[in-house]
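K.L.:
Pasting a structure here, questions to come.
The values are calculated or read from the model by the stated rules, or taken from the named source; none is laboratory data. Note that the structure is a prediction, hence the values are computed from the model and not measured. So basically every Cβ, Gly included, is an ideal-geometry build from the backbone, and we count neighbours across all protein chains shown. Just so you know, the surface numbers come from the protein's heavy atoms only, side chains and all, with ligands and any DNA or RNA stripped out. Shrake-Rupley method; radii C 1.70, N 1.55, O 1.52, S 1.80 Å.
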Amino acid sequence: MKNNKNFFISALKFFTPYEWFLLITIITLNIIVAVVTGEVKPLSIIAAVSGVLCVVLVAKKHISNYIFGLIQVSLYAYLSWGVGYWGEVALNALYYVPMQFIGFALWRKRLKEGSKTEVKSRRLTDEQRVLMFVASLVIVLIGAQVLAHFDDPAPYLDSITTVLSVIAMLLMVNTYAEQWYLWIVVNVATIAMWLMAHFNGEPNALVICTMWIVYLLNSINGLVQWSKKVKV
């Protein structure tokens, strides 16, 4: 009994009050949406909760984030397929899924000395930041034209979320703090995209939208945490 109590206390202390707020918020919002709409969407709920667990663990620089990330991106690809957001489908199924395994392997090489779970963060140089901005802008514009050709309902938003997510994920697996600036932009654009889907009658959209709102809050927290004591 004592061991169980100690485990419970340790589990409670593992997350900060702000992180518990994010986790409780996503669960509460899913319950509210289910009550209001009268529909329970198990896949959407699992994707939302596992996704928030993943990003909270990323903000904590905890390597276990990749377990929940694999669950989330697999389900999110399936849900995006149903809406017709082909950029999101390709991003999650063809990029995010394999990157969970790659990221896990790379993070193991950058664990903090004496830690089995927490990685060391670092920063890009000024030149690398400029190059990232220019490349992102050009690729987003090109991607939007390609998606528009395939009748994507929100080509520019879809291109922003797809392109910046690819770049942000590369920064993430290589433990660069600048990933969070891109995630913030991605979160805002994705919220707008799923709100459009909701107004177009997509039943899963509100649940997914709430997930991305929590992602946005976590990205701000992640930026703060990863910017502390980082190496160039």
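K.L.:
Among the residues of segment 184-193, are any open to solvent by 40 Å² or more (accessible area, probe 1.4 Å), touching a strand residue (DSSP E or B) at 6+ places or on another chain (Cβ under 7 Å), at pLDDT 90 or above and within 26 Å of Ala47 (Cα to Cα)?
P.N.:
no
K.L.:
Still on this structure: Would you confirm whether or not segment 194-205 contains a residue that is among the hydrophobic types (A, V, I, L, M, F, W, C) and free of Cβ contacts under 8 Å to residues at least 12 places away in the same chain?
P.N.:
Yes: one or more hits.
K.L.:
Considering only segment 194-232, how many residues are crowded, with 18+ Cβ neighbours inside 10 Å, more than 20 Å from Leu29 (Cβ to Cβ) and at pLDDT below 85?
P.N.:
Adding up the residues that qualify gives 0.
K.L.:
Considering (1) in contact with a Ser or Thr (Cβ under 6 Å, 6 or more places away or on another chain); (2) touching a residue at least 60 places away in the same chain (Cβ under 8 Å); (3) of a type outside the set (Asp, Glu), say which one Gly143 fails and leave the rest.
P.N.:
(2)
K.L.:
Scanning for something farther than 23 Å from Leu94 by Cβ and surrounded by fewer than 20 Cβ atoms within 10 Å (Cβ to Cβ), does segment 161-174 turn up at least one residue?
P.N.:
The answer is no; no qualifying residue exists.
K.L.:
Okay, next question. Could you please tell me which pairs satisfy a Cβ distance under 6 Å, a separation of 6+ or placement on different chains, a first residue in segment 55-67 that is farther than 18 Å from Ile26 by Cβ and touching a residue at least 12 places away in the same chain (Cβ under 8 Å), and a second residue that is assigned to a helix (DSSP H, G or I) and open to solvent by 20 Å² or more (accessible area, probe 1.4 Å)?
P.N.:
Close Cβ pairs (under 6 Å, with a partner that is assigned to a helix (DSSP H, G or I) and open to solvent by 20 Å² or more (accessible area, probe 1.4 Å)) amount to Tyr66/Phe104.
K.L.:
Could you please give the count of residues in segment 114-141 that are under 20 Å from the mean Cα position of the chain (by Cα), over 23 Å from Tyr66 (Cβ atoms) and of a type in the set (S, T, N, Q)?
P.N.:
Going through segment 114-141 one residue at a time, the tally reaches 1.
K.L.:
Yes or no: Leu75 closer than 27 Å to Asn174 by Cβ, modelled with pLDDT under 80 and under 14 Å from the mean Cα position of the chain (by Cα)?
P.N.:
no
K.L.:
Which condition number does Cys209 fail, the rest of (1) free of Cβ contacts under 8 Å to residues at least 24 places away in the same chain; (2) farther than 29 Å from Val36 by Cα being met?
P.N.:
(2)
K.L.:
Next question. Could you run through segment 167-217 and say how many residues are of a type outside the set (A, V, I, L, M, F, W, C) and part of a helix (DSSP H, G or I)?
P.N.:
So the answer is 7.
K.L.:
Count, please, the residues in segment 147-166 that happen to be more than 14 Å from Leu137 (Cα to Cα) and not in a loop (DSSP other than H, G, I, E, B).
P.N.:
4
K.L.:
Follow-up question, since we're still on this one. Can you name every one of the helices (runs of 4 or more DSSP H) wholly within segment 22-122 that holds 2 or more residues which are open to solvent by 40 Å² or more (accessible area, probe 1.4 Å) and aromatic (Phe, Trp, Tyr)?
P.N.:
65-83, 97-109
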